[in-house]
Amino acid sequence: MIELENLHNRSLDDILDEYLNKIPYFSTEWTDYQEADPGITLVELFSWLKWVQHEYLNREVPGVSTKFLRLLDVNRHKNRGAKAFVEVSYIKENTDLPVRTQWKSGNMVFENTENQTLMNSSILNIEFDNPETPSQEEYYKFDGNNVFYVFGKNTERKETTSGERRFIISFDAPIPQDKMFNIFFSVYNSHDLKRNPIKESDKFVPMAKIKWEYYGTKDGKIGWHEIEVIKDFTYEFLFSGIVAMKIDGMVEPMDGEYKIRATLLYDEYDYPPRIDNVITNVFSVTQNETKCENIVIKKQDILPDFSVEVPRNLALYGRSEVYLKSDGGWVRTSSPTFKSFTKKGKLTVDLSEVWGEIKNLKPGDDAVMIVSYDQDFKDSSVLGSGTGMTNQTFKFEFKNVLYNDLELLISEKINGKEVFFKWKRVDDFYSSGKYDRHFVYDEDEKVIIFGDHEHGMAPRPGNDNIIICGLRFTSGYKSNIKENMISSVITRNNALINSRISQITQAAGGRDTESIEHASARAAEIFSNPYRAVSKKDYENIVKSTPGLMFTNVKILPNYMPGEDTSKQNCVTIAVRWNRKVGLTLPKSFEQNIMNHINKYRLINTQVKVISPEYIGLIISGKIVVDSFYREEDKTIEKEIKRFIKNMNEDLGQTLHFGDVFGMIDKLKYVSRLDNLRIVPVGNFIQKNVSEDIIIPPNGVYYVEKIDFNYIKNSEIYKG
């Protein structure tokens with residue numbers, strides 16, 4: 001970081017003395033330096049102005065620091081809750097789970113962010129259908145000790161319609177129709193197989209194409225029908241996660257069981273995927289505690305009977321208010337009636353009496369807003385009254401408030417009606433205009449601040465017209481708890497109350513609001529490790545961080561591109577070895593993912609190409625005299641040679657020096673003499689010099705194709 005100059009390092013007396021000492025240089029006639037002299041009064045005034053200006057310029061307030069960090073594209077991390085997976089078992093009936101149902105670990109609350117169905121059907125068995133599976137009977141047991149190849153050990157990189165590679169999951173009861181349900185797959189990865197994580201914002205090209213089907217009836221036809229996959233968080237079995245699905249037909253029994261299946265249509269897997277567990281009724285929860293929330297409903301989502309369904313936990317068990325769209329904002333109404341359906345996990349709001357007020361809206365327009373409060377929070381929802389004065393503030397004593405989940409409704413008088421508008425939280429008012437409905441929440445001072453009519457609006461005068469319409473809390477970093485801590489649920493649904501709740505993964509990702517000091521240190525780190533593709537090291541680091549991939553070797557070859565005139569353009573070739581198999585070309589998905597990632601950082605005028613390794617086989621032969629105790633069947637010398645070649649491949653394109661191989665073998669303790677060593681390369685673009693060194697392309701990789709030694713024991717020589 002740049003060290004800032006201290007501009008306020010002198011006292012007022014020092015500045016005044018400096019100017020008094022300069023007076024003789026400007027006027028010898030000025031001899032009265034008493035304070036009563038009008039000239040001295042002016043000198044004192046200007047000295048004070050300089051001192052005040054330096055004090056002001058030297059001041060570094062948090063808002064200014066945050067603004068400077070933002071100019072450097074460094075935004076302070078907001079607080080957030082940890083995420084974990086929870087399993088609900090022993091469900092006696094299909095249960096619709098409302099959004100933000102509260103799951104507890106002691107006093108800490110976690111909430112699910114998706115609406116889904118918990119099934120009362122359990123997995124009976126899983127059949128793996130592929131050429132490598134010797135016996136289906138052995139593949140039904142998931143006990144934590146067995147690992148199974150999902151589509152077999154030797155998946156092929158090609159389209160297939162034969163259905164040879166698939167697995168079938170059998171259930172003991174039907175799967176609900178038109179309901180989202182989850183299946184969790186625990187994907188096994190050994191310690192040396194670590195993929196880069198994939199964010200939801202990343203553009204990831206799948207390595208495989210999988211078709212999910214159910215056996216049942218659709219449009220009067222019975223058979224296998226396709227399942228709608230809403231989201232595959234495993235990315236076709238690369239990571240442990242949920243596959244969220246929905247069946248639009250009726251699942252029918254086959255041999256007394258209800259079946260779904262996954263068929264591999266196409267694959268470019270670097271390693272065939274393996275799983276060690278499959279679990280139903282698993283979903284993601286986030287450590288949040290909702291006290292108030294608002295849901296906006298479009299006109300097109302209102303049902304034909306003039307009602308809306310709100311599948312939200314707080315709407316179902318809390319207290320709700322209804323607002324209708326009017327005059328660009330929202331007008332509160334008390335006419336709608338509410339009906340709670342605990343088993344269906346939703347609140348129904350009857351809008352028939354107020355339909356006339358919104359019927360002229362367009363189908364895509366926002367029409368209704370439901371604001372729901374926790375039973376204990378409703379009386380605390382009014383923040384205060386607007387005065388119309390600038391920089392109005394309100395005490396807000398809540399701690400650990402989630403940044404994006406604090407929302408306010410503030411009313412204004414329009415056409416004789418009290419119309420509410422949603423106001424947005426911002427970090428500061430620097431970028432706010434005079435008509436922007438923005439507010440700032442100062443977490444340190446625990447106050448909410450409004451604008452001054454120039455930078456941000458000020459609330460219009462009103463009585464209790466500033467209302468909280470969104471509020472959630474998080475424990476931040478403290479929410480990173482170990483597994484099996486979440487064990488209960490807050491609900492009135494008997495099916496959930498009588499179920500078993502298990503946290504199957506540790507909660508991770510929780511963090512507190514980042515301090516300015518930490519953000520400044522992070523800015524220094526970013527500038528010391530700039531994330532742009534210029535140098536070879538830049539390219540290598542960026543390629544190795546490509547989401548969803550893992551690499552054995554990456555080599556950056558600047559100004560090298562086979563078949564291109566490198567003198568007319570900037571070009572970089574990236575040689576990628578993605579696993580230790582020999583002979584496979586680079587999968588198209590690998591190349592596309594690398595290019596998608598590198599394009600965000602490369603210079604516009606630099607052409608980039610990703611290439612596969614060039615595999616060079618080695619046929620090694622010769623005559624070796626070994627000690628009498630050496631056992632040929634142990635193949636110890638062959639293993640040492642393969643280890644030597646493996647170490648060479650840590651860097652692609654290395655020249656294989658004949659003398660190095662000869663010396664390595666000759667120095668082995670059980671080798672007495674090495675004669676007639678010969679190394680024959682097999683492959684393209686190979687050169688040999690007079691020293692029998694093998695020169696290969698810069699993306700070359702060696703592999704041992706054949707070792708053929710004639711072994712002679714010392715004892716046989718002595719006998720002769």
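Throughout, read-outs are computed from the coordinates displayed, never taken from laboratory work. The structure displayed is predicted, hence computed values, not measured ones. Every residue, glycine among them, receives a Cβ derived from its backbone with ideal geometry; neighbour counts consider all protein chains shown.
Remarks
- Near the amide H of Ala173, within less than 5 Å, lie the amide hydrogens of Ser122, Tyr258, all on another chain or at least 5 residues away, with H placed in the peptide plane.
- Rounded to the nearest Hz, the phi-derived 3J(HN,Hα) couplings of the stretch 380-391 under the Karplus curve 6.51 cos²θ - 1.76 cosθ + 1.60 (θ = phi - 60°) are 9, 6, 7, 7, x, 10, x, 10, x, 7, 6, 6, where x marks glycine and proline.
- Distance in nm between pseudo-label sites at Glu443 and Lys482 (7 Å out along the Cβ direction from Cα): 2.8
- Two-site FRET efficiency, Asn605 against Phe527, from Cβ-Cβ distance with R₀ of 35 Å, rounded to 0.05: 0.90
- Computed 3J(HN,Hα) for the stretch 462-472, one whole-Hz value per residue from the Karplus formula 6.51 cos²θ - 1.76 cosθ + 1.60 where θ = phi - 60°, is x, 9, 6, 9, 10, 10, 7, 10, x, 7, 9, glycine and proline marked x.
- Here the peptides 442-451, 405-414 are ranked by packing, the mean other Cβ count within 10 Å, and the order with the highest first is 405-414, 442-451.
- The stretch 580-594 - phi-based ³J(HN,Hα) in whole Hz, Karplus 6.51/-1.76/1.60, Gly and Pro as x: 8, 5, 10, x, 7, 7, 5, x, 4, 5, 4, 4, 5, 5, 5
- Above-threshold pairs, the threshold being 32 Å between Cα atoms, out of Lys78/Lys299; Lys536/Lys581; Lys221/Lys588; Lys422/Lys600; Lys92/Lys422; Lys209/Lys581: Lys78/Lys299; Lys221/Lys588; Lys422/Lys600; Lys92/Lys422
- Scanning residues 5 or more positions from Ile616 or on other chains, those with amide H under 5 Å from its amide H are Val701, Tyr702, Tyr703, with H placed 1.01 Å from N in the peptide plane.
- The simple spin-label model puts a point 7 Å past each Cα toward its Cβ; for Asp708 and Glu18 those points are separated by 9.0 nm.
- Under-5 Å amide H pairs with Ile247, H placed in peptide plane, nonlocal only: Asp178, Lys179
- As a calculated quantity, the FRET efficiency between Ser385 and His191 at R0 = 51 Å, using C-beta atoms, amounts to about 0.25.
- Where (1) -0.76, -0.92, -1.19, -1.31; (2) -0.63, -0.79, -1.12, -1.28; (3) -0.58, -0.71, -0.96, -1.09 are the candidate values, the label of the one calculated here for log10 I(q)/I(0) by the Debye sum over Cα atoms at q = 0.07, 0.08, 0.10, 0.11 Å⁻¹ is (1).
- Placing a label point 7 Å from the Cα of Asp178 along the Cα-to-Cβ line, no residue of the stretch 325-360 has its backbone N under 12 Å from it.
- Residues Glu517 and Lys104, FRET efficiency given R0 of 41 Å [Cβ-Cβ distance, rounded to 0.05]: 0.75
- Structure-based [θ]222 nm, the chain - -39500 (n - 2.57) summed over DSSP H runs of at least 4, per residue, nearest 500: -5000 deg cm²/dmol
- The stretch 179-325 - percent relative contact order, Cα under 8 Å, separation 6 or more: 30
- Taken as Cα centroids, the stretch 301-324 and the stretch 617-691 sit 76 Å apart, rounded to the nearest whole angstrom.
- Taking the number of Cβ atoms within 10 Å of each Cβ as an exposure proxy, the fewest-first ranking of Thr606, Thr28 is Thr28, Thr606.
- Those residues of the stretch 510-529 whose amide nitrogen sits under 14 Å from the label point placed on Lys67, 7 Å along Cα→Cβ: none
- Each peptide among 192-201, 368-377 gets the average number of other Cβ atoms lying within 10 Å of its residues, and from highest to lowest they stand as 368-377, 192-201.
- Each label was represented as a point 7 Å from its Cα along the Cα-to-Cβ direction; for Lys378 and Asn570 these points are 6.4 nm apart.
- Fewest-first ranking of Phe237, Phe306, using other Cβ atoms within 10 Å as the exposure measure: Phe306, Phe237
- Full-stretch length increase - Phe338, Lys536 - with 0.36 nm per residue and alpha-carbon distance subtracted: 64.9 nm
- Net +/- balance of residues flanking Phe658 in space, Cβ distance below 11 Å, scoring K and R +1, D and E -1: -1
- Listed by Cβ neighbour count within 10 Å, with the fewest neighbours leading, Ile717, Ile707 appear as Ile717, Ile707.
- Dipole magnitude (debye, nearest 20) for the chain, charges at Cβ of Lys, Arg, Asp, Glu: 1920
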